[in-house]
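Reading through the structure tokens given below for one structure.
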Amino acid sequence: MSVYDTFAERGFIAQCTHEEELSALFAREQVLGYIGFDPTATSLHVGSLIPILSLMHLQREGHRPIALVGGGTGLIGDPSGKTEMRNMLTIEQIQSNALAIKDQLSRFLDFGPGKAIMDNNADWLVPLNYIEFLRDVGRYFSVNRMLAAESVKLRLEQEQGLSFIEFNYALLQAYDFMHLAKTRGCRLQMGGNDQWGNIVAGVDLSRRMLGTQVYGLTFPLITTSSGAKMGKTAAGAVWLDSERTSVYDFYQYWVNTTDEDVVRFLKLFTFLPMAEIEELARLTGADIRQAKQVLAFEVTKVVHGEAEAKAAQAAASAAFGGAGAGDAEGVPTTTLAKARLVAGIPAFQLFSAETGLCKTSSDARRLIAQGGAYVGDTRLTAFDQPVTLAMAGADGALWLRAGKKKHHRVIPE
């Protein structure tokens, strides 16, 4: 069974060029395959997990992954899947983000001689001479075909249109593939299905300029069963950096997976054997929560390590089971002056400004009015109801809950 079969079995493949040839290549020799990561922030988020895991699968099965940080293309901005132009980042911001993402990817892949490779396309894109690039590379591109690309057509239909700088992005991504094929012997580029046009352009450019057969494979764009984009919550993106999304909140994100999505996500986002996933797929009714807990633990283990996954699991047990049910250290916690808690803090203020359980005071008022705000097992009934230390649990902490799934612990000092 080749890594191609693994991808197919677990649902990683949306489209692929020369499927039979690529499958045979995986079975015959070690393949170098790459994925690009845009340095638009200091951290990747859950939307990048499928690309990261695909590179991990490559390495686990004896192939060599190339993680390409887009320090050069990041100066342009990928228009694929975007309805408007991204905010332009400074060169300094791009460089800083690229370094942070390099460090983050090192948690997932084993880099070193003969192992995974880390490249930054700024190394070869920034020194390019524009006239030479147009003569040597631009002549292989048809404007007609570029205009037919879905990402381009989408933007042309928008009021803002498509900038000339973004229109060049496809050429640069294709050049990346050709450059890696030439200098590294890279035979495969992978990416989200919105990258299909850019990837095929790279396959074609490598054939034309090098006479080399390379391959492209895209992943389905993952949405939840409700159609929502993966990795987005009411609070914003779910980041892979614990400074931006706590390990506890990351764990809870996966526990809150819908029943319809849990088996699909176990295949995509964990390394559990398929036989074990099939056993979990047989769970029904309330027992499905067990599968969700396995999913949350396994994904958290991949991203943050086993120790952090166990701590989040224990914290979730404490939060949902009450004080004493588990280790509460991983539950989001705020320390407030004991005197303030004895006197009482208005509920809407405690749930918003003091703890961040709600984004704004208005959100907190709305939550309380709808009956979704609790301290321990006590439901709050008025937005300005004083929450006092007398409402603390046996452990001396106030356990706040917003709805069924968001918890916060307040302890006196």
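Before moving on, here are some points about what is shown:
- Square roots of 5 times each gyration tensor eigenvalue, C-alpha, the stretch 260-411, largest first, Å: 34, 17, 13
- Between the amide H of residue 14 and those of 218, 219, distances stay under 5 Å, these residues lying 5 or more places away or on another chain, with hydrogens modeled in the peptide plane.
- Projecting the alpha carbon convex hull of the stretch 1-142 along each direction and taking the average yields 10.6 nm².
- Sequence ranges 57-68, 270-281, 368-379, ranked by mean other-Cβ count within 10 angstrom, highest first: 57-68, 368-379, 270-281
- In the chain, helical runs assigned H by DSSP with n ≥ 4 each contribute -39500 (n - 2.57); averaged across all residues and rounded to the nearest 500, the mean residue ellipticity at 222 nm is -12500 deg cm²/dmol.
- Along its principal axes, the stretch 117-216 has C-alpha extents of 41, 30, 25 angstrom, given from the largest down.
- Within the accessible area of the stretch 171-271, the carbon and sulfur atoms contribute 48%, probe 1.4 Å, all protein chains present.
- Toward the positive end of the charge dipole of the stretch 293-412, with +1 on the Cβ of Lys and Arg and -1 on the Cβ of Asp and Glu, the farthest Cα among 364, 309, 332 is that of 364.
- Normalised alpha carbon radius of gyration of the chain [divisor 2.2 N^0.38 Å]: 1.13
- Each Lys or Arg adds one and each Asp or Glu takes one away; over the other residues whose Cβ falls under 10 Å from the Cβ of residue 255, this sums to +3.
- For 99, 55, the ranking by accessible surface with the largest value first comes to 99, 55, using a 1.4 Å probe.
- Using a simple spin-label model with pseudo-atoms 7 Å out from Cα toward Cβ, residue 8 and residue 340 lie 6.0 nm apart.
- If you model the stretch 229-271 as an ellipsoid using its alpha carbon gyration tensor, with each semi-axis the square root of five times an eigenvalue, the axes come out at 19, 12, 9 Å, biggest first.
- Label-to-label distance, residue 381 versus residue 126, with points set 7 angstrom from Cα along the beta-carbon direction: 6.5 nm.
The values are calculated or read from the model by the stated rules, or taken from the named source; none is laboratory data. The structure displayed is predicted, hence computed values, not measured ones. Glycine gets a Cβ as well: all are built from the backbone with ideal geometry, and neighbour counts include every protein chain shown. Keep in mind that these areas ignore ligands, DNA and RNA; they rest on the heavy atoms of the full protein, side chains included. Shrake-Rupley method; radii C 1.70, N 1.55, O 1.52, S 1.80 Å.
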